[in-house]
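Encoded as structure tokens, the structure appears first; notes follow it.
The values are calculated or read from the model by the stated rules, or taken from the named source; none is laboratory data. Since we're looking at a predicted model, the values are computed, not measured. Cβ atoms come from the backbone with ideal geometry, glycine included; neighbour counts cover every protein chain shown.
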Amino acid sequence: MSFYSMSVLQTRFAIELRLSCETAHNFFVVLQQEGSDERRFRAEHYLEANPPENYVLDLGESTRRSLTICRVDDEGSSRTVSFSSDTALPGNTLTSHKIHKSNSFLKRLRRKCSGSVYQILLSHCRLNAWNQHSLSTIVPNSVITFRILRISKGLPCHDMIIKSEEIANDFCELTKCIAETDAELQCERSQSREYDGGLGDAGDAILDHSIKFSGLPHIYRRLIILCVLLEWSHKEISLSERAIPLAITQLRTSSHLDVDLCSPMSARLSLAAKRFIKNTLHFDHTVKFFPPIQHSPVANFTRRIELAVSIRNLELWRHFPLQSPVDTFRCELQGIIEVEVNSWVKQCESDLPNAVRSLTNSLSFFSDSYISLFGYFDISYIGVVFATLDQKLSKKGTRFVRRALRSLDTHNDESLESFTKATMKLFEGFKNLIKVAKEARVKDGELFSYESWFTASAVFWTFTWRTMCRRLTLRSLAEDNEGICDERVLPSVVNFLAIHKALCEDFIHLELQNANLALMCVFKIALTIADDLLIYSKRMHAASGSFDSTKLYYHQMNFVRQMHRFPRFCRMLSSSVKVWQYRSSPPYARNVAKQLQNIATL
């Protein structure tokens, strides 16, 4: 049944009340019309305090009644209470309470009432809302508790009204018509095309009367107005910037004691709020959330979504958590991040190593403001980024390595060098990217297995290391022949040690976690250094005849003393040994690790 059809049915009202006091007392209660009325409604009741169930008394077709109470002292006989109307009243109606027999209640009132009289105007009381008044002036420590009920044949009970989605929609439609009419009138007077959201006197009275007629709390009205403004779609008149903030403020300052009666209206407002939030986030999304940049425009974005955030944070949603737009807000923001991450992934394939390195730097240095913004909405910025990147970037990484391997010419030094630079750069980028993920406590994903993608590539890295070290060693020897050196240390010695020291540090910088891969690289590096040392020794031996014996002795002794320090074998070998100690490795690797430890202690 809709609100409009409800309003034409004959409606009667009743009062449910209870008289409470510490000792047994009897009260005389008179219900009568507040002002002059042709019908002159009047009903008299003799009630006992502390009844087993509440009394339900008829009020007729209006709530413009006064309730008069006084104490009665009478020990006469009693008779059964009856209602003043033949209309049957639902609820906890009682027909077994006793009242004293008398020819006239008025005579009894004049004769037996004692103490003062207490009067309550029922027209000032809201429907279905419990009220409590002290009757201490009549009987010490006594109170009356009551509420006004609507009783109508063919009319849904109040519980049905407050739970009706159809009535909530009817109220929204009514308020929308009132608001659009007031907006047009307001614009005609002010020659403006903006509506401030306020209702005119007539419209306000219509809505207020309708709310009271339905027995709904005042906050219901605030929800309706905010819902209508959020759904505003007038073709010619736009809303003022102050309209929705004012409606939110009025809702916040309204009492939320009876908000539980507003479930259907809250659900309707929830739908409107979610649509408004989606439109706001996507309309105002003029900043880029990925990758992070140094001069972040996050502050401007925060100011533009303040209104949507205010709606998200309404106290109303604490009473109706399932209708809260919090999840919608979070999902929409998270979706924006995912869209931008996917867009970046599509663009990064042309130069993947540089793209990964640039992304790592951006996340490391410029992501704090983004993390703070999204953290407010319970979103892990780094977590969403890696969840979106994981599979897509992993596929691109493995595809890049496979493509590089297919195009590699292993017999061409330039091809090997180019391959090594590109793949090691990509390896370094993924390594640092995973460090960022671990710092943010991101769960393991496919990206965390990046090292396995480079297992085949690492063999060719060692070929390049050997070729480059050999070339640089020979070049440093050639420089010795360009002139006579009077220093105690030949330039080639310094260069030789620096070259192989750099090789060891580059290996350590890889931070390989795979024990087998690290072991293979260590063997190759040791073999490269040994081969280059042999070549250098042969060249030095061949050239020893042209050196002064004293200087030759000093060169040899200095080389031996510095050999252990410059390449920092201990550091390289100890780092590798730690990897093997903490990760499972085959038996032969453990034996080699022990041997390397022995060498490192020499």
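Where strands (runs of 3 or more DSSP E) fall entirely within the range 1-99, those with at least 1 residues that are surrounded by 13 or more Cβ atoms within 10 Å (Cβ to Cβ), at pLDDT 85 or above and of a type in the set (S, T, N, Q) are at 12-21, 26-33, 65-72.
To keep it simple, each residue is scored yes or no on (1) within 30 Å of Asp390 (Cβ to Cβ); (2) assigned by TED's automatic domain parsing to the domain that holds Lys421; (3) of a type outside the set (Phe, Trp, Tyr); (4) at pLDDT 75 or above.
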position: Ser449; (1), (2), (3), (4): yes, yes, yes, yes
position: Trp465; (1), (2), (3), (4): no, no, no, yes
position: Arg470; (1), (2), (3), (4): no, no, yes, yes
position: Ile535; (1), (2), (3), (4): no, no, yes, yes
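Annotation note: of Phe419, Phe430, Phe454, the sole residue that is farther than 21 Å from Arg466 by Cβ and hydrophobic (A, V, I, L, M, F, W, C) is Phe430. The requirement of being modelled with pLDDT of 85 or more and closer than 20 Å to Tyr55 by Cβ is satisfied by Cys125. On the given criteria, is Arg466 in a helix (DSSP H, G or I), within 26 Å of Leu497 (Cα to Cα) and free of Cβ contacts under 8 Å to residues at least 12 places away in the same chain? No; evaluated as a whole, the condition is false for this residue. Scanning the range 304-340 for residues that are assigned to a helix (DSSP H, G or I) and in contact with an Asp or Glu (Cβ under 7 Å, 6 or more places away or on another chain) yields a count of 3. Scanning the range 200-243 for residues that are farther than 18 Å from Ser266 by Cβ, under 35 Å from the mean Cα position of the chain (by Cα) and surrounded by 14 or more Cβ atoms within 10 Å (Cβ to Cβ) turns up Trp232, His234, Ile237, Ser238, Leu239, Ser240, Ala243. Just so you know, in the range 277-314 the residues that are among the hydroxyl-bearing types (Ser, Thr, Tyr) and closer than 24 Å to Glu231 by Cβ include one that is surrounded by the fewest Cβ atoms within 10 Å (Cβ to Cβ), and it is Ser310.
Annotation note: Cβ proximity below 8 Å between a residue of the range 356-367 that is assigned by TED's automatic domain parsing to the domain that holds Thr398 and a residue that is among the hydroxyl-bearing types (Ser, Thr, Tyr) and in a helix (DSSP H, G or I) (sequence gap 6+ or interchain) occurs for Ser367/Tyr381.
Being surrounded by 13 or more Cβ atoms within 10 Å (Cβ to Cβ) and free of Cβ contacts under 8 Å to residues at least 24 places away in the same chain is a property that holds for Met540.
Being of a type outside the set (D, E, K, R), out of contact with any helix residue (DSSP H, G or I) (no Cβ under 8 Å at 6 or more places or on another chain) and modelled with pLDDT of 90 or more is not true of Leu307. Go through the residues of the range 435-456 one by one and say whether even a single one is more than 36 Å from the chain's Cα centre (by Cα), farther than 27 Å from Ile337 by Cβ and assigned to a helix (DSSP H, G or I). Yes, there is a match, as at least one residue in the range 435-456 is more than 36 Å from the chain's Cα centre (by Cα), farther than 27 Å from Ile337 by Cβ and assigned to a helix (DSSP H, G or I).
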